[in-house]
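The values are calculated or read from the model by the stated rules, or taken from the named source; none is laboratory data. The model shown is predicted, which means the values in this text are computed figures rather than measured ones. Cβ sites come from the backbone with ideal geometry, for glycine too, and all protein chains shown count toward neighbours. Only protein heavy atoms, including side chains, enter the accessible area calculation; ligands, DNA and RNA are left aside. Shrake-Rupley method; radii C 1.70, N 1.55, O 1.52, S 1.80 Å.
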Amino acid sequence: MERLSLLSEDQVRAVQRQFGTPTFAYDQKALESQAQKALAFPNAHGLTVRYAVKACPAAGVIRILNRAGLHIDASSGYEALRAMRAGVPAAQIQLTAQQLPDNLADLVRQGVLFNACSLHQLAAYGRLFPGREVSVRVNPGLGSGHSNRTNTGGPSSSFGIWHEHLDQVLTTAAEHNLQLTGLHSHIGSGSDPEVWQHCARLTLGVAAKLPEVRRVNMGGGFKIGRMADEVSTDLCEAGQPVADEFNRFAREHGRKLHLEIEPGTFLVGNAGAIVCSVVDVVDTGQQGYSFIKVDSGMTEVLRPSMYGAQHPIVVVPATPEQRGQGEYLIAGHCCESGDILTPASGNPEELAPRVLTEPRIGDAVFIGGSGAYCAGMAAKNYNSFPEACEVLLGTDGEFHLLRQRQTLDQVLANESLPAFLSA
Ligand SMILES: *Cc1c(COP(=O)(O)O)cnc(C)c1O
């Protein structure tokens, strides 16, 4: 049986009552404490921590982490603008994007830092801003995501400039007088200190060939344990070998490199939960399964159906009472058979019933570990369900609204009918 972590049963019921469901609840204290842990990442010659805002782009969350001292990693031009609207100074934002934004020149003029992720991007930046400093993202040839779908390094990943193309990087930079002062590699290194050390070595091997590099960004990808039997990355353990490599680099090359890391999941993953409600309970007979249907699912959390990701789930009775337990699958509210919140670990095709409190219609259901890649990465408006509400549990003990639930009018706001259909 899973237990509640982030919120108490009373707080889950309070969210359900006060805001309706489904609602995302984030915890200010948890966000601030993760930020402090990230800022304590071992380093040899200084550290900047960037929050990868795509993990959870709510302005309230961005502001809490920025006030705690974190800068921003933006994965699109829109994310950079969004962070600025949340109050982050442009100079604290670095853009690392698959797609070059149309407003790149404008963003850079406002102070946003640019990290070129391909030779095309580097040349485009060089044409706009010859003579300037720039950072480049390399694919050091090593990958370590938790699945093929999250792997961001190695030959099967399109992220960054392949490490064997360094000559072309130097040629392109020289053509536009660019100074290659930043180097970046985000391979999603996970929690294994040996992988971090290996990646640091490969990246510093590239830095050795780029004599102007002063700033090396090792990306994010620190794993967290959502379920009780999973462990979260110990940043001191992961970071120490990286700091050792930076020290060794300074001894060998006489350059003291500034370290950057850019966690997303680590900062927000366990600082957020979904509070939803039981809308139905059905079964498929003796040889079948019992299903709890909830008013959430792919519209708020895609990770189970996409990766077979595991989230802790707790049924919270509408009023406190003792109940029995049973084995249940949790089905989301989308008309899509893949909308299951209890797949087998790492295999979205397979079902894995869980032991849960016997549900009644109207009970609340808590889905933990939903702070990262949920509100920002859901199947928004599928079945015309409105975007969920987001609230923050402040250090004052109160829930504060961060984003209200969409209305149907907002879902439809940009539609129009051509004249020949409107009569
Ligand atoms: C998504 C992303 C991150 C954050 O990854 P997490 O796994 O959430 O820590 C960091 N850097 C870049 C460039 C990213 O695209």
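Counting only protein heavy atoms and a 1.4 Å probe, the chain has 45 square angstrom of accessible area per residue. Accessible area per residue (1.4 Å probe, heavy atoms of protein chains only) ranks 196, 162 as 162, 196, with the largest value leading. 3J(HN,Hα) couplings calculated from phi for the stretch 161-178 with the Karplus curve 6.51 cos²θ - 1.76 cosθ + 1.60 (θ = phi - 60°) are, in sequence order, 8, 4, 4, 7, 9, 4, 4, 5, 4, 5, 5, 4, 4, 5, 4, 10, 6, 6 Hz; Gly and Pro show x. Only helices enter this figure: runs of n ≥ 4 DSSP H residues, each worth -39500 (n - 2.57), summed and divided by the residues of the chain, yield -8000 deg cm²/dmol at 222 nm to the nearest 500. Ordered from highest to lowest accessible area with the whole protein assembly present and a 1.4 Å probe, 373, 289 read as 289, 373.
With all protein chains in place and ligands, DNA and RNA left out, the 1.4 Å accessible area ranks 167, 396, 102 as 102, 167, 396, largest first. Along Cα→Cβ, 7 Å out, is where each label goes; now give me the distance between the ones at residue 409 and residue 336 in nm to one decimal. If labels sit at residue 409 and residue 336, their model points lie 2.8 nm apart. Computed extension length for residue 247-residue 156: 29.6 nm, one decimal, from 0.36 nm per residue of separation with the Cα-Cα distance subtracted. Taking the accessible area of the stretch 239-334, probe 1.4 Å, and keeping the other protein chains in place, the carbon and sulfur fraction comes to 45%. Using a Gaussian network model of the chain in which every pair of alpha carbons under 10 angstrom is joined by a spring, one finds that among 315, 301, 53 the greatest mean-square fluctuation is at 315. Surface calculation, 1.4 Å probe, protein heavy atoms: residue 306 sits at approximately 60 Å² accessible. Kindly identify the stretch 28-268 as rounded, prolate or oblate by the Cα gyration tensor criterion: order the square roots of the eigenvalues as a ≥ b ≥ c, call it rounded if a/c is under 1.5, otherwise compare a/b with b/c, prolate if a/b is larger, else oblate. Because a/c hits 1.5 or more and a/b fails to exceed b/c, the stretch 28-268 counts as oblate.
When the chain is treated as a GNM with alpha-carbon contacts under 10 Å, the residue of 231, 195, 136 showing the greatest mean-square fluctuation is 231. Taking Cα atoms only, the orientation of helix 119-128 departs from the longest principal axis of the chain by about 70 degrees. Largest GNM mean-square fluctuation across 408, 178, 107, computed for the chain with C-alpha springs under 10 Å, falls on 408. Under 5 Å from the amide H of residue 139 lie the amide H atoms of 161, 162, 163, each residue being 5 or more positions distant or on a separate chain, with H modelled from the backbone and absent for Pro and chain starts. Extension gain, residue 319-residue 119: 0.36 nm per intervening residue step, less the Cα-Cα distance, totals 66.0 nm. Measuring with a 1.4 angstrom probe and ignoring ligands and nucleic acids, residue 181 comes out at about 10 Å² accessible. Taking only protein heavy atoms and a 1.4 Å probe, the accessible area of the stretch 1-114 is 46% carbon and sulfur. For the chain, the longest principal axis of the Cα atoms and the long axis of helix 193-208 meet at an angle of about 30 degrees.
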